[in-house]
Amino acid sequence: MAKDEFTPRTFKVVGTRPPRPDGLDKVTGRARYGADMSAPGMLIGLCLRSPHAHARIKSIDTSAAEAMKGVKAVVTRADFTTTPEDQGTRDILDNVMAGEKALYDGHTVAAVAATSRSVARAALKAIKVEYEVLPHVVDVDEAMKPDAPVLHEGRQQESVPKGYSQNVLARSQYGHGDIEAGFKKADIIVERSFTTAATHQGYIEPHACLATMGNDGQGDLWCCTQGHYMVRNTCSAILGMDAGRLKVTASEIGGGFGGKTTVFLEPVALMLSKKAGKPVKMTMSRDEVLRASGPTASTSIDIKIGMTKEGKITAAQGEFRYQSGAFYAMNGALGAMCGFAPYDLENLQSVGWEVVTNRPKAAAYRAPGAPMAAFAVESVMDELAKELDMDPIELRLKNAAEEGTKSAYGPTYPAIGLKATLEAAKAHPHWSAPLGKNQGRGLACGFWFNFGGDTCVSLMINPDGTVSLSEGNPDIGGSRAAMTMMAAEELGIPYEHVRTVIADTATLGQNEVTDGSRVTFAVGLATIKAARHAIEIMKTRAAATWGIEPDAVEWVDGAAQPAGPNAGKFPPMTLKEIAAIASNTGGPIAGHHEVNAEGAGVSFGTHIADTEVDPETGAVKVVRYTVFQDAGKAVHPDYVEGQLQGGAVQGIGWALNEEYIYGKDGTLQNAGYLDYRIPVASDLPMIEPVILEIPNPGHPYGVRGVGETGIVPPLATLANAVSRAAGVRMTSLPMSPPKLLAAIKAS
Amino acid sequence: MVTVTLWGSLADLAGGQRNIEVEAKNLRELLTALDKDYPALRPQLERGVSVSIDGKIYNDSWFQPITESSEVVLLNRLEGG
């Protein structure tokens, strides 16, 4: 990936909007999700979960449960006898089955497998757990105090200064220049503190799996995940088995957004199956999803920005304190790296903190850590624009990072698209449209890194000239359509002649998780190169048929043809014709490509929102919303627009209503969608996506990942719109009606 | 020699130096040299780092070339959702 891959070309398939290959299955109910699989003799597995936020497990008596008719297996931590090599996997084991302590409300302490759900439920009630309830802490600022209840001893990293609680696991400082000197040059300084609540990814499909462990030590696992290779590797490490003896097949996935980049039920189901000698199916209830699968971090953030009266930033400072639940996660550092990334800063200090609390372990939620940081930084930018009476876009353009800017996280930017998104927003009719009574307009920018990673693709030319493509990443955002289109484009055949499937872990080599906005970039790159590999073979077969040298053959519009008059005069041989004689010319034809596709380009977005505030109730209505983001090249624009719209909608929920509410006893009070309020269609206006296409030099077609950046600006965009509509600066999310009403009254 | 920029809190472990020099022609040699020349960085190197080389971010590609003129910046190991 060192050299540039991009070559300008005219596309025939890429950029069009063909029907999605999974559409019919999904609208007719034929698609099989995690809970849709069954097996002969299958048992039902259920988890027993801690009712306490923090408790020492003094004893677990499973004897009564084990004696019940229909109960085939009971497991506790004592059954997991393998200690994984790395700390991250040991944390996952501790998370899926508590060890000495239950660390949050909903932490699994035991599990059963029985012949029916009712028997399994009765068995859970028969398990006797003796707890010693311990003091708990769920607030990030409280957890950092030296006298806070401690979750783990001896896990603090060397980067944490003395004097903090052992709950503070890591500190990461980024920046450059001299902030004191920078603030001295400022004509105006705004300094604010912010908080954001923990929110859940809100995927529709709960976690589910079907596990089968045979007496021969071989296992099969069907599950709903963003990365079945990750599931295989993690489960085999936890169960102490060879990865090659566990085959994992990914189901269709009803949303993930980062929350399915780890395992919860899968190792437990495998252990139950191993013990029972039968297949075990496990499905989380919504209550379990919210209590025990990864929400995002809640945060406490301080931001200080100094500016000249002309609107040029002289210095910026941020403290990003993120609670990661009961185990280490690196969200605070990512917040510290991303928050100021849109700006060209001479003097910056940005510090991220990772703090554990008695909450479920934080999981990624699209661009993990970035939306909260952007909320805080972009809120202060908006306040500065207001103070200086400057247009918020002009203020940002004055300070926007561009090619050659030293980024907030260290490296110098190559060509980037931030200014393009700001210019597009400035030129869009939304920015100059009149506002109504009690309405306000907000704007914010956001940044995310984007990744690549290990990727394998196999492409088979079938005897009838159709093409079968295998990739190893669950299709979350339309990857089957995108890969089909890129293969068709490269081969020069119709979209309908290619079918893409998601292969199981025994079929392809290692594939990184579907995360980091990586799939259309990395799997797309591998798809194009697998197609080129197959084309080379087909050119060789045509050359042999014609009796000329392979390098005298070129591939044009889906056919081999002589490269010039000196190569001889032969009619073009289409892919279909070459496929038909493959057995005669050397055997089946296939292309493949395996790569660690690193060096993906970073991504920026700018959002505009209009909100209307009801001053009597504090309710907020989103009136208009527009997203501007660089996609490099939008392979299937429908899916790109969907990603931008989806990110905005999730951000609207995060900004306005969603929050984990804990009682004084540290238990979650709103573990269901009646009380945990995600936006529904009737809450929303049409989200208008504006796709910019600035080619990514690291991809043959210029593709850039789009899955995560869309959730970075909305929190700040909404906060700025609501603050302008209500006439009071909102510094705490969510801006729920009671909170907003109180702020309006206090002002 | 290649100049490597450390993030602030990592620099504290390297005697406060934000920029350090090591002998390396690729990513693997860079990580090996950092581990050897700056043992205080070892815990973080074992936990994992990402490396930006001329503005592009790499996690694992050992043989990614690095030249004396390359801009090399160490980062917390990045992950996505």
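Things to note:
Quick grid of which residues meet (1) in the same structural domain as A:Lys406 (by TED's automatic domain parsing); (2) among the basic types (Lys, Arg); (3) buried (at least 19 other Cβ atoms within 10 Å of the Cβ):
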| residue | (1), (2), (3) |
| --- | --- |
| A:Glu142 | no, no, no |
| A:Glu158 | no, no, no |
| A:Ala170 | no, no, yes |
| A:Lys184 | no, yes, no |
| A:Thr195 | no, no, no |
| A:His200 | no, no, yes |
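- Residue that is facing another protein chain (nearest Cβ under 8 Å), in contact (Cβ under 8 Å) with a residue 24 or more places away in the chain and not basic (Lys, Arg), where the choices are B:Ser70, B:Ser61: B:Ser61
- Selected residue (only one of A:Met271, A:Met330 is out of contact with any Lys or Arg (no Cβ under 9 Å at 6 or more places or on another chain), in contact (Cβ under 8 Å) with a residue 60 or more places away in the chain and either buried (at least 24 other Cβ atoms within 10 Å of the Cβ) or within 25 Å of A:Gly651 (Cα to Cα) (or both)): A:Met271
- Scoring B:Val49 on the criteria (1) touching a Leu at 6+ places or on another chain (Cβ under 6 Å); (2) touching a residue at least 24 places away in the same chain (Cβ under 8 Å); (3) more than 10 Å from every other protein chain (Cβ to nearest Cβ); (4) over 13 Å from B:Trp7 (Cβ atoms) leaves a single failure, condition (4).
- Exclusive hit being within 18 Å of A:Ser350 (Cβ to Cβ), modelled with pLDDT under 95, surrounded by 20 or more Cβ atoms within 10 Å (Cβ to Cβ) and at the interface with chain A (Cβ under 9 Å from one of its Cβ atoms), set B:Gly80, B:Gly8: B:Gly8
- Looking across A:Leu46, A:Leu103, one residue alone is in the same structural domain as A:Met284 (by TED's automatic domain parsing) and either under 30 Å from B:Glu46 (Cβ atoms) or at pLDDT below 95 (or both). It is A:Leu103.
- Scan region A:398-413 for residues that are under 29 Å from A:Arg624 (Cα atoms) and either more than 14 Å from every other protein chain (Cβ to nearest Cβ) or polar (S, T, N, Q) (or both) and the total you get is 3.
- Residue in region A:55-70 that is among the aliphatic types (A, V, I, L, M), part of a loop (DSSP other than H, G, I, E, B), crowded, with 16+ Cβ neighbours inside 10 Å and in contact with a strand residue (DSSP E or B) (Cβ under 6 Å, 6 or more places away or on another chain) present: no
- Failed criterion for A:Met241 (all others in (1) assigned to a loop (DSSP other than H, G, I, E, B); (2) within 14 Å of chain B (Cβ to nearest Cβ); (3) out of contact with any helix residue (DSSP H, G or I) (no Cβ under 7 Å at 6 or more places or on another chain) hold): (2)
- Residue, nearest to the other protein chains (Cβ to nearest Cβ), within region B:19-37, restricted to residues that are under 16 Å from B:Leu75 (Cβ atoms) and buried (at least 17 other Cβ atoms within 10 Å of the Cβ): B:Leu27
- Those strands (runs of 3 or more DSSP E) lying entirely in region A:97-200 with at least 1 residues away from chain B (no Cβ under 14 Å): A:108-114, A:128-133, A:188-196
Results for (1) free of Cβ contacts under 8 Å to residues at least 40 places away in the same chain; (2) of a type in the set (D, E, K, R); (3) within 21 Å of B:Gln44 (Cβ to Cβ); (4) out of contact with any Pro (no Cβ under 7 Å at 6 or more places or on another chain), shown as yes or no for each residue.
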| site | (1), (2), (3), (4) |
| --- | --- |
| A:Leu151 | no, no, no, yes |
| A:Gly154 | yes, no, yes, yes |
| A:Lys162 | yes, yes, yes, yes |
| A:Leu169 | no, no, yes, yes |
| A:Ile179 | no, no, no, yes |
| A:Asp187 | no, yes, no, yes |
| A:Glu191 | no, yes, no, yes |
| A:Thr199 | no, no, no, no |
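- All positions within region A:414-462 that are more than 14 Å from chain B (Cβ to nearest Cβ), among the polar types (S, T, N, Q) and out of contact with any Pro (no Cβ under 7 Å at 6 or more places or on another chain): A:Thr421, A:Ser432, A:Gln439, A:Ser458, A:Asn462
- Scanning region A:587-618 for residues that are in contact (Cβ under 8 Å) with a residue 24 or more places away in the chain, over 31 Å from the mean Cα position of the chain (by Cα) and over 25 Å from A:Gly651 (Cα atoms) yields a total of 3.
- Residues being within 14 Å of chain B (Cβ to nearest Cβ), modelled with pLDDT under 95 and surrounded by fewer than 19 Cβ atoms within 10 Å (Cβ to Cβ) are represented in region A:692-702 by at least one member.
- All conditions but one from (1) outside any strand (DSSP E or B); (2) within 14 Å of chain B (Cβ to nearest Cβ); (3) over 21 Å from the mean Cα position of the chain (by Cα) apply to A:Glu346; the one that does not is (2).
- Note on region A:162-192: residues that are touching a strand residue (DSSP E or B) at 6+ places or on another chain (Cβ under 7 Å) and under 27 Å from A:His54 (Cβ atoms) amount to 6.
- Of all residues making up region A:694-747, the number that are within 22 Å of the chain's Cα centre (by Cα) and either under 28 Å from A:Phe521 (Cα atoms) or among the polar types (S, T, N, Q) (or both): 19
- Tally of residues being of a type in the set (S, T, N, Q) and within 24 Å of A:His636 (Cα to Cα) across region A:524-578: 1
- In this entry, B:Leu13 passes the filter for residues that are facing chain A (nearest Cβ under 7 Å) and surrounded by fewer than 20 Cβ atoms within 10 Å (Cβ to Cβ).
- Positions within region A:3-26 being of a type in the set (Val, Ile, Thr), at pLDDT 95 or above and either out of contact with any helix residue (DSSP H, G or I) (no Cβ under 6 Å at 6 or more places or on another chain) or exposed (fewer than 12 other Cβ atoms within 10 Å of the Cβ) (or both), in sequence order: A:Thr10, A:Thr16
- When we screen A:Ala111, A:Ala73, A:Ala78 for residues that are closer than 24 Å to A:Ser273 by Cβ, modelled with pLDDT of 95 or more and exposed (fewer than 14 other Cβ atoms within 10 Å of the Cβ), the only hit is A:Ala78.
- Segments classed as helices (runs of 4 or more DSSP H), wholly inside region A:361-448, with at least 3 members that are in contact with a strand residue (DSSP E or B) (Cβ under 7 Å, 6 or more places away or on another chain) and within 22 Å of A:Ser300 (Cα to Cα): A:370-387
- Number of positions in region A:498-517 that are over 12 Å from A:Pro474 (Cα atoms), modelled with pLDDT of 95 or more and within 14 Å of chain B (Cβ to nearest Cβ): 1
The values are calculated or read from the model by the stated rules, or taken from the named source; none is laboratory data. Remember, it's a predicted structure, so these values are computed and weren't measured experimentally. For neighbour counting, all protein chains shown are included, and Cβ atoms are generated from backbone atoms with ideal geometry for every residue, glycine included.
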